[in-house]
Structure formats: structure tokens, C-alpha cells
1. Run down the aspartates and glutamates and flag those whose C-alpha is under 18 Å from the C-alpha of Lys328, throwing out any fewer than 8 positions away in its chain.
2. Compute the signed sum of charges (Lys and Arg +1, Asp and Glu -1) over the other residues within less than 14 Å, Cβ to Cβ, of Asn499.
3. May I ask which of Lys225/Lys320; Lys28/Lys79; Lys32/Lys205 have a Cα-Cα span longer than 23 Å here?
4. Report ³J(HN,Hα) in whole Hz for each residue of region 325-335, in order, from the Karplus equation J = 6.51 cos²θ - 1.76 cosθ + 1.60 where θ = phi - 60°; Gly and Pro get x.
5. Need the list of aspartates and glutamates near Lys272 for cross-linking: C-alpha distance under 16 angstrom, and skip anything on the same chain fewer than eight residues off.
6. Can you tell me which of 51-59, 23-31 comes out highest on packing, and rank the rest after it, using the mean Cβ neighbours within 10 Å?
7. Aspartates and glutamates near Lys587 by alpha-carbon distance under 18 Å, same-chain residues fewer than 8 away left out - which ones?
8. Please state the charge dipole magnitude for region 168-316, taken about the Cα centre, from unit charges on C-beta atoms (+1 on K and R, -1 on D and E), reported in debye and rounded to the nearest 20.
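None of the figures in this text is laboratory data; all of them are computed from the coordinates on show. Because the structure is a prediction, the values reported are computed rather than measured. Virtual Cβ from ideal backbone geometry, glycine too; neighbours counted across all protein chains shown.
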Amino acid sequence: MKVKYFIYIIIFFLGGSFLQAQVKFEAKVSKKRLGINERLRVDFEMNKDGDNFRPPAFEGFRVVGGPNQAISNSWINGKRSYSKTYSYFLAPQSRGKLNIGQASIEIDGETYKTTPVQVEVTAAVAKPKDGNNADYLASENVHLVAEVSNSNPYLNESITVVYKLYVSNEVSITNNWREIDTPKYADFWSQNIDSRGNYKIYEGKFLGEDYRYVILRTTVLYPQKSGKLEIEPLTLDVPIDVKSNRRDLFGRPLMTRVNKTISAGNRTINVKPLPETGKPLNFTGAVGKFDLDVEANRLQLDASESLELSVRVSGNGNLKLFDLPTVKLPSSLEVYEPTRDDNIRTQRNGMSGAMVEKYTVIPQFKGNYPIRPISFSYFDLETESYKTLTSDELIIEVENGPVTNATSDNTTAGNKQPVVLSQEQFKYIKLKPSLQSVVKPNFFQSTLYWSLLTAPLLIIPLFILVGNKRKQRLADVEGNKLRRANALAKKYLGSAKKNLGDKASFYEALERALHNYLKAKLNIETSDMSKPRIAGLLTEHGVSSEVVNEFESLLKSCEYARYAPASNVTIQKDYEQAVTTISRIDKQFQ
């Protein structure tokens, strides 16, 4: 038994190493269908280096380029990836189905051969397609397709249009495409089910070749008229990365980005009209599969009480595109306008859910009131025939309230009897209302009207007066300069003014204000503020000696106040002198 397990382990490891070292050698063509005036590119690609490469004879073709050799060798996450390619460019010599034979190569002493590839050569095309042209390769490897679920639907039958973007393995794209033309869906009711921002990549086939694709959008359509209807194309601008003939240092092909405008193309839908045979008179355009329910939340109540009657149509189909059947009630029942309560979802297979109309009903008299059955007709797509649904009859029993012969359908006009009214019948009516006149005075004769009319005439002279005052103020250069000087003085002496009642705080704030003013005006630091330097700088800027002496006197007062007592009168005098001095300096400063 142990020997048996040991053999299994050896086989497992040998098989794993064999799979790891498996050699791939295959032939790839740029296209399998081409005109006789076009060129074909053939790549012989292997994942392991070999010797003695022998190309096929290329019967029916003429070699116009190659062989070109490219080698790619890279390490990703500790795993080596190797690729070696021999490329040939061929010109077909005749029309028909031609075979590209087997190429062979020796790898590790073993001979490997490619599988033959068949291509079809057609008549010459108007514009030869160059297999090395990036624009051509981009257009041949990226396709936008509109897949229609049903191209021959009935009128008001749902169809689904799925827009798929197919991308071959030869190129790559990003999700930076943008729409440049969006379908309008004329003659259709439409709703988009977008996948924008959450695209999932699928593997699939396109024209028999392996492709990747994403679903860009799903649109649900309901045709609104019969005949041939056109579905406008969706058009995108897509950036596409295409392999070029250039290689990097490691032999890998460099990519070229091309922006291509691709379109899904027009699609024609042949819409069948609904059959006239068997069409019910009450048919309002419902197509699908539906159920009808008519319910009341209560069937027994008293007069003047209310009940809720609901008409519900549910199922799958064009729920938003037809009207619900109406309810006919006896005239003795007071009925309010119905309220709508819809719960409809639109998915790939169309609309589903329910439409509900709710009626508020209030009986006025005692008796039994029948709600006759109502019918609803729709066209069933499964059986392709019309079907009619009928609700059950409901009986509303009003137990207490005034009595009238009109409560029964069997009452005849010749047996009329007086109505016996309840004393509570008109209890809710207000007999002494506080009514006010609704007649409004004429606006054009009111005080407000004349005020609004004359106000602009009074405001215009006021604006003119204010404007003239402003011009005079701006023209007064000396006055403006004085006002700016006073404002600047008050700005710097604001803190000192707040401390007029506290000698120590006042002179400390006053000294700080004078120093800050000098810093701003003379651009000097506190350490350079000696009295001779300050006097010299102020004199250089055009300040008179009298004002300079007043400023020095202020600085001395601040210094003496630390040691000598000062009265409130002295403090107020020093503050006023500081305001005046700073104003005069600012006015004379040049």
C-alpha cells in the first residue's frame, strides 16, 4: 500500500513539471478573409526558444516581407514569461480558399509543428486594408453591436436592445470612451438600464472569433405604432491601443493609441399591428399578462362613514401605457376622485408590477349597495389572442343612517316615499359663520399704488444730491488727507483709549501705539527707536520741527508716567495730544 501511494506522488510531481514545461507553438494570421489586393500577416509564436525553424511553403502566396524576429523575455512575480515570434507578410496570388501549411521547430530535441490555417481570398476590394495600419487594425478589432431581442414584435410588446462593445485580444481599450450620438428612439416608449461605471468583462464569440465584450447599456422599448420603425444607432468615440511594428529593448511590441468613432448601425424593427378579430370593445391597449382585483377595505359601515375601494391590475406588460377600468357606483354613494398608487419596475424583460387606483366612497343612506363587476381586456402574447377578466360583485351594507327608497335597484318611481332624516344629519353644518367680504379694493386707486408710482420721482433727486456730495468730498484733497490721518491715529490709539481710567495700562498702550505707528511709517524696528534717530527720520520726510517736538514730548510723558503720578486730566490731555500729533505727522509726511 505504501509503495502504491509513493508511485502516485511521483506521478503527481512529474505531471506538474510536465504541465509547467509544456511547449506552445502556434500560427496566427491577421485576418481569415481578405481581398486579392490585400496583404496578410502570419505570426509563428512559441513560448520556448528552439532551433532549425522551418516555415511552410506558403503555396498560393508571395512573401513580400519577413521573416521578422521578435523576442520577449520578462519576469513577473518571480515567474519567467518568454515569447519568440517569426513574422511574414504575404500577398495572395489567386482567389479561393488557401492553406498556410505547417511550420516546424526543434525545442529540447523534440520537433513541434503548427496547425494549418485556412484563409479565404476574395475579389479585389476598393480600398486595400493594410494589416500594418493602426487605424485599420483598430476598426477591425473593435466592434459596437446592438442586439435586439425581437425584430418582429406586436404593437406595445416589449423588446430589449443590448449594446455590446466587442474587443479582440489583439488590441486593448480603456473605459474612457464617450458617447457622441445617443439614440432618440422615435415612435418608441423607452427606458435605459445603464451599466455605466460598473462594467463586467465577458468572454464570447464575434464572427466566429474569440472576443472580450462589455455590456454598455440595455434599453427596453415598447413600439407605439405598427410598420417598419428605425432604431437610431449609438455612436462612441473609443481610444484603442494597437500593436505597432516597433519593439522595446526586450523585444515587446510598442502600443500605438488610436481614437476611433464606432457606431452600432441602424436597426429596423417590423412591428405587427394587434389583430382586429376578437378585439373587445373595452380594450384600451394592454399587452402582456395581467390579473384584475377589485377590493374594499370594509363592506359593513354606517352612513357618513367612508370605505376605500381599490382597483388593481398587476402582471407583466406595458403597465404605464394603458388606463385602468373605471368603477360605476350607485348615485347614493358619494365618490371622490381616485388616487394612484403604482409599483412598477422596468427590467430587461419589460415592465412588471401593479397599477392601483383607490376610491374613497361615503354612503349617505341606509341600505345595501351593489358594486357591479367590472371587466378588463388585454392581448395575451403567449396565445396571441384577447382575454377579458371580470371582477366579483361586491355588496356594501350600510347598517345605520337615513332611509331612502333609492337604496335598492328594485325601487320603482311610482312608490316614492318621504325621506326620514336623522336629527344628526346636518350636525356638521355651521349655522353662525364668521364670514368676511372677498371683494378686494381696486389696487390702482390704493395708496400703495400711488406710493410705488411716485417713489422713483422722489428717489432720483436724492441720488443726484448724494452723488454731488460724494464728488465734492472726493475733490477735497486736503480734507481727505486729514480724515485719513485722523482715522489712522484712532486706529493706533484705540487700545489706549480703552484704558483711559487706568494710568499704567493707558501709558503702556499709548507707548506701544506710538512705536507701532513709527514701525509702519518709518519702517524701523523698536531697537532703533532712539529720539535723535526718530527726529531725524521725521524731519527727512517733511515733518515740521514743532510736530517732531510734540511727538518727542509724548514719548517722554510715557516714560515719566511709569514713575510719577498722573491725574485723569493729564491722561485725557496726553491722549488728545497723541491723536492731534499723529494726524499732523500723517498729513505732513512725504
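1. In chain and number order, the partners are Asp293, Glu295, Glu308, Glu337, Glu357, Asp392, Glu393, Glu397, Asp409.
2. Net charge around Asn499: 0.
3. With Cα atoms farther than 23 Å apart: Lys28/Lys79.
4. x, 8, 9, 10, 10, x, 5, 6, 9, 7, 10
5. Straight-distance partners of Lys272: Glu157, Asp187, Glu230, Asp380, Glu382, Glu384.
6. 23-31, 51-59
7. Within the straight-line limit of under 18 Å, Lys587 reaches these aspartates and glutamates: Asp476, Glu478, Glu540, Glu546, Glu550, Glu552, Glu576.
8. The calculation lands at about 940 debye.
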